Each structure stands twice: as structure tokens, then as C-alpha cells.
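What follows is one structure encoded as C-alpha cells, with my remarks underneath.
The values are calculated or read from the model by the stated rules, or taken from the named source; none is laboratory data. These numbers were taken from a predicted model, which means no experiment stands behind them. Here the Cβ positions follow ideal geometry from the backbone for every residue, glycine too, while neighbour counts run over all protein chains shown.
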Amino acid sequence: MPLSAVIFLYKIWGWGNLELHKIWDMFTQCWQIKILASTFITCFTFIFGEINAPMIALGCLMILDTVTKLMSISRNKLKDLGINASIVTGYRLAFRDGLINSRGMREGFYSKVLPYTLMLILVNLVSKIIPEVSVFGHDITKLPHGFISSFLAIIECKSVIENLIEMGAVKLKPLLCMLNKKTEEMTGGN
């Protein structure tokens with residue numbers, strides 16, 4: 001809703017005399033809301049661990065993968081039709097023809113986010129069970145979390161590069177080969 005419509009409704013309904021900052025202050029001073037919010041945050045950080053830069057970067061890579069996949073589908077649609085237009089036009093055409101739809105996006109999202117989330121929860125909870133062991137001043141119980149985060153980040157990077165190659169950036173193929181080799185090194189060739 002545009003801001004002008006909000007202001008219009010604000011004046012029409014007689015809310016012009018209300019001071020929203022007072023309502024916000026009452027809301028934030030409510031101890032019940034504070035307890036619910038702190039309980040949610042505590043449970044979230046216990047299950048997932050601290051939200052740090054690698055977790056945020058992994059989330060950004062997943063979003064970037066989705067965006068580049070949409071761009072790849074759009075560019076391929078334009079190429080199939082022989083049209084030289086922007087990716088936005090290709091997106092509209094692909095959406096119109098059903099190549100991009102909510103079901104496909106939902107299935108792709110769940111097939112990726114659910115396993116990633118479960119893996120991150122798993123390694124976080126395992127690191128809470130394993131006693132802290134320090135070798136040369138470094139806590140080695142955090143290694144599984146770092147390994148899984150790194151592995152998932154490499155998978156996402158590979159997916160983004162594959163999408164870019166599908167769009168026509170063929171000069172990225174050596175980088176994809178390097179990431180494939182790195183993945184094989186991490187998994188032992190499987």
C-alpha cells in the first residue's frame with residue numbers, strides 16, 4: 001500500500017490524534033512480548049547456533065542461486081524464441097509460458113533449504129554434545145560446523161556458476177572445474 005494511502009486512512013479513521021511512538025513504546029514495554037521474543041530467540045540460537053558471517057553468507061548465496069536460476073531460465077527463453085531483449089522480458093515470457101511458477105520455485109526452495117537447514121541443525125547440536133577439545137588453542141568441536149558450512153557454500157557457488165554458464169558466460173567453465181575438484185577433495189571423490 002502506498003504511503004499516501006496509509007496517511008489518507010490514518011486521517012479518515014481519526015487516527016490523526018494517536019501518537020504511534022506511544023503505541024510502539026507500550027508494545028515494547030510489555031513484559032509478555034519480551035518473554036515471548038526472548039524465548040524464540042533463545043530456542044533459535046540453541047538449535048541453529050549463533051548467526052555469524054558464514055551463515056549469512058550461505059543465505060545470500062542461496063538467494064543469489066535463485067536469482068541466477070531465474071535469469072538463466074529467462075535468457076534461455078529469449079534464446080529459444082530468437083528475441084534480443086532484456087532478461088525482464090524473458091522473465092515475463094517464461095512466466096507466461098509456465099516455465100517459472102510458484103510450484104517449481106516452492107519445490108526447488110524446499111528441496112534445497114530443508115536439507116541445508118537440517119544439516120546445519122545437526123552439526124550444531126552435535127557440537128553441543130561433543131565435549132570441548134582444544135588443540136593448539138583452537139576448539140576442534142567447531143570443525144564439523146565449519147566443514148558443513150564450507151561444503152554447502154561450495155555447492156551454492158557451483159550452482160551459481162552453472163546458472164551463469166547457462167546464460168552464456170562460458171569463460172567460467174574453468175572455475176566450475178576447479179570447484180568440482182575441490183568438492184571431490186572434500187568428499188573423497190564421491
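Based on what the data block shows, is Ser72 in contact (Cβ under 8 Å) with a residue 60 or more places away in the chain and not aliphatic (A, V, I, L, M)?
On the way: in contact (Cβ under 8 Å) with a residue 60 or more places away in the chain: yes; not aliphatic (A, V, I, L, M): yes.
So Ser72 fits the description; yes.
Which numbered condition trips up Ser150, out of (1) closer than 24 Å to Thr68 by Cα; (2) touching a helix residue (DSSP H, G or I) at 6+ places or on another chain (Cβ under 7 Å); (3) among the hydroxyl-bearing types (Ser, Thr, Tyr)?
Of (1) closer than 24 Å to Thr68 by Cα; (2) touching a helix residue (DSSP H, G or I) at 6+ places or on another chain (Cβ under 7 Å); (3) among the hydroxyl-bearing types (Ser, Thr, Tyr), only one is false for Ser150: (2).
Matching residues to (1) within 23 Å of Phe44 (Cα to Cα); (2) at pLDDT below 85; (3) assigned by TED's automatic domain parsing to the domain that holds Leu179; (4) not hydroxyl-bearing (Ser, Thr, Tyr):
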site: Met71; (1), (2), (3), (4): no, no, yes, yes
site: Arg75; (1), (2), (3), (4): no, no, yes, yes
site: Arg92; (1), (2), (3), (4): no, no, yes, yes
site: Asp97; (1), (2), (3), (4): no, no, yes, yes
site: Tyr116; (1), (2), (3), (4): yes, no, yes, no
site: Ile121; (1), (2), (3), (4): yes, no, yes, yes
site: Ser127; (1), (2), (3), (4): yes, yes, yes, no
site: Ala153; (1), (2), (3), (4): yes, no, yes, yes
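Every residue, every condition in (1) closer than 30 Å to Lys79 by Cα; (2) part of a helix (DSSP H, G or I), yes or no:
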residue	(1), (2)
Leu122	no, yes
Val126	no, yes
Pro131	no, no
Phe147	no, yes
Ile154	yes, yes
Val160	yes, yes
Lys171	yes, yes
Pro174	yes, yes
Glu184	no, yes
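Can you tell me which residue in the stretch 133-145 is nearest to Ile63 (Cα to Cα), limited to those that are in a helix (DSSP H, G or I) and either modelled with pLDDT of 85 or more or of a type outside the set (Val, Ile, Thr) (or both)?
Filtering first and then ranking leaves His145.
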